Amino acid sequence: MEDRNTAMIVLLLLCVTAEMQVDGLSLDVCASCHPKATCDDKSDGSGKVCNCKYGFVGNGRTYCQDKDECQIGASKICGLHTDCHNTQGSYFCTCRSGFTPSNNMDVFTPNDGTHCQDIDECTVTGVCGEGGQCRNLEGSFDCSCILGYEVQNGAEPFHPHRDKASCKVVDCGRPEAAEDTVLLSVSGTTYGSAAMFVCEEGFVWRRGNNRSVCEADGLWRGGNMSCEEVNCGPPPAAPHSLRLWDQSSRPGSRAIYQCNSGYHNVGKGNVSKCNAAGEWERPPLLCKDIDECTVTGLCGEGGQCRNLEGSFDCRCILGYEVQNGAEPFHPHRDTASCKVVDCGRPEAAEDTVLLSVSGTTYGSVAMFVCEEGFVWRRGNNRSVCEADGLWRGGNMSCEEVNCGTPPSRPSLSQAVGPELQAGLQGDLSV
Ligand SMILES: *[C@@H]1O[C@H](CO)[C@@H](O)[C@H](O)[C@H]1NC(C)=O
Ligand SMILES: *[C@@H]1O[C@H](CO)[C@@H](O)[C@H](O)[C@H]1NC(C)=O
Ligand SMILES: *[C@@H]1O[C@H](CO)[C@@H](O)[C@H](O)[C@H]1NC(C)=O
Ligand SMILES: *[C@@H]1O[C@H](CO)[C@@H](O)[C@H](O)[C@H]1NC(C)=O
Ligand SMILES: *[C@@H]1O[C@H](CO)[C@@H](O)[C@H](O)[C@H]1NC(C)=O
């Protein structure tokens, strides 16, 4: 009850005071305040006053104008990398493009500690397009082209939103084949593509690489193969043979081999061809020595054949001797031949006569007897014609039959027989 009375008294007192003011100024101050103003007590307590609300400037009655907080500068009021936005009675801040508020909201006022931080645009993949490499910058980013890509419609570095520039893959175009070569295959025309070359027909690899690669500078590089016309040169020699060759060394050219005389081919053919790689095939022939001595009579009668590498020769067997040449001889090349040894007619030694002769050639036998009136004394009565052409063996000598002086009469010892002699001797010894 007493509280309510007290409140009533205060209210009355306030009203009285207001009446006094109104009386003094002859108008209600508070009623005259601008809508964007508040009616406040004067600091000295001498009455009321209209004050423009926070964010507005003016006299509080006839006008209260918005105060532009931003005019002192965004960086001063909002911080770095900001834009300041004034509103009726207030302001807010936003981050410049390329920056984002640290409170993760679109707008902020700096009195909560929010600031603008750089956005790393490069975390977004593909921001620079195909072949582009992103580089983050303070508040921005730019792009350049990676290896194998080149910038088009502009220069590096570029900004994909602001510039028309972009990266495109390096294109080397169609590879060109060098002289005497042809393109075998190509995997594409862009960076990293590979092209293979082969030699033109009738040509063979001489040196260099057969593979080119499209490189970052837009040029095909690496392939430096050079080819040369296929030339097999002279065909190789084969042992014991001769080549029949028309001097042509082109692919398909042929060389025919022939075994030397004295050899025969035991191989698989006699032709070698010049192949596409510029090489003669291995001669297929194999020349083996012929054993001429298997042919009987090659050296003629009395000739003995001896096989030699690629040839043969002849000598005379025992009882034969070479004529018209020397040993060894070759019956086709030489005029020499073998003929049987001939000892001629055997001659009878002194006091002998030729009894018989089987011939005059090697091995013949001649028999001698003593001339009439002569008797054999010693030696052989038989000669043989030997290999050296001489009659040998017969060395019989005979002597004239000579009875000496005939006996006048027989002596005792001659007249009696042996029995008698023994008897006589026995008698004598007794
Ligand atoms: C070919 O190129 C290779 C490297 O790619 C080089 O080593 C070689 O010497 C070159 N050959 C010729 C014949 O130019
Ligand atoms: C290319 O050269 C390599 C050796 O350098 C060889 O092995 C390959 O067969 C060649 N390819 C062709 C198509 O000639
Ligand atoms: C090569 O061999 C063939 C049979 O294979 C033969 O007819 C021809 O005479 C031979 N040529 C020579 C030169 O030996
Ligand atoms: C006769 O020749 C034989 C051998 O044939 C020999 O043994 C002998 O001594 C020779 N006789 C004489 C008398 O020369
Ligand atoms: C030759 O001599 C041998 C003994 O040496 C003899 O037996 C033979 O009768 C002789 N022949 C002739 C024909 O004299």
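As a summary of the residue check, SER249 satisfies the conditions (1) outside any loop (DSSP other than H, G, I, E, B); (2) more than 16 Å from ligand 3 (Cβ to nearest atom); (3) of a type in the set (S, T, N, Q) except for the one numbered (1). The residues of segment 195-251 that are within 13 Å of ligand 2 (Cβ to nearest atom) and at positive phi, listed by number, are GLY208, GLY222.
Would you say GLY192 is out of contact with any strand residue (DSSP E or B) (no Cβ under 7 Å at 6 or more places or on another chain), on the phi > 0 side of the Ramachandran plot and not aliphatic (A, V, I, L, M)?
Working: out of contact with any strand residue (DSSP E or B) (no Cβ under 7 Å at 6 or more places or on another chain): no; on the phi > 0 side of the Ramachandran plot: yes; not aliphatic (A, V, I, L, M): yes.
It is false that GLY192 is out of contact with any strand residue (DSSP E or B) (no Cβ under 7 Å at 6 or more places or on another chain), on the phi > 0 side of the Ramachandran plot and not aliphatic (A, V, I, L, M).
Given segment 308-375, what strands (runs of 3 or more DSSP E) lie entirely inside it while holding 1 or more residues that are surrounded by fewer than 16 Cβ atoms within 10 Å (Cβ to Cβ) and either free of Cβ contacts under 8 Å to residues at least 24 places away in the same chain or touching a Cys at 6+ places or on another chain (Cβ under 6 Å) (or both)? Outline the logic, then answer.
Values: elements: 311-316, 320-323, 337-340, 352-357, 365-370.
Output list reads 320-323, 352-357.
Among the candidates SER272, SER241, SER226, single out the residue that is surrounded by 17 or more Cβ atoms within 10 Å (Cβ to Cβ) and closer than 30 Å to GLY208 by Cβ. Being surrounded by 17 or more Cβ atoms within 10 Å (Cβ to Cβ) and closer than 30 Å to GLY208 by Cβ holds for just one of SER272, SER241, SER226, which is SER272.
Do we have VAL340 as modelled with pLDDT of 95 or more, more than 16 Å from ligand 3 (Cβ to nearest atom), within 30 Å of LEU308 (Cα to Cα) and of a type outside the set (Asp, Glu) here? Spell out how you get there, then give the answer.
Numbers: modelled with pLDDT of 95 or more: yes; more than 16 Å from ligand 3 (Cβ to nearest atom): yes; within 30 Å of LEU308 (Cα to Cα): yes; of a type outside the set (Asp, Glu): yes.
Yes: the conditions hold for VAL340.
The residue that is farthest from ligand 2 (Cβ to nearest atom), among those in segment 376-386 that are open to solvent by less than 80 Å² (accessible area, probe 1.4 Å) and within 15 Å of ARG345 (Cα to Cα), is SER383.
When we screen PHE203, PHE197, PHE158 for residues that are crowded, with 19+ Cβ neighbours inside 10 Å and over 33 Å from the mean Cα position of the chain (by Cα), the only hit is PHE158.
Against the list (1) farther than 30 Å from GLN117 by Cα; (2) open to solvent by less than 50 Å² (accessible area, probe 1.4 Å), the condition GLU150 fails is (2). In the set GLU201, GLU215, only one residue is modelled with pLDDT of 95 or more and of a type in the set (Asp, Glu); that residue is GLU215. In segment 259-275, the residues that are within 18 Å of ASN307 (Cα to Cα) form no Cβ pair under 7 Å with any partner that is part of a loop (DSSP other than H, G, I, E, B) and within 16 Å of ligand 2 (Cβ to nearest atom), whether six or more places apart or across chains. Would it be correct to say that VAL375 is modelled with pLDDT under 80 and among the β-branched types (Val, Ile, Thr)? In short, no.
Residues that are among the hydroxyl-bearing types (Ser, Thr, Tyr) and either free of Cβ contacts under 8 Å to residues at least 24 places away in the same chain or open to solvent by 60 Å² or more (accessible area, probe 1.4 Å) (or both) within segment 115-143 comprise THR123, THR125, listed in sequence order.
The values are calculated or read from the model by the stated rules, or taken from the named source; none is laboratory data. What you see is a predicted model; the values in this text were computed from it and never measured. Note: ideal-geometry Cβ built from the backbone for every residue, glycine included; neighbour counts use all protein chains shown. Ligands, DNA and RNA are stripped out before the accessible areas are found, and what is left, the full protein with its side chains, is counted by its heavy atoms. Shrake-Rupley method; radii C 1.70, N 1.55, O 1.52, S 1.80 Å.
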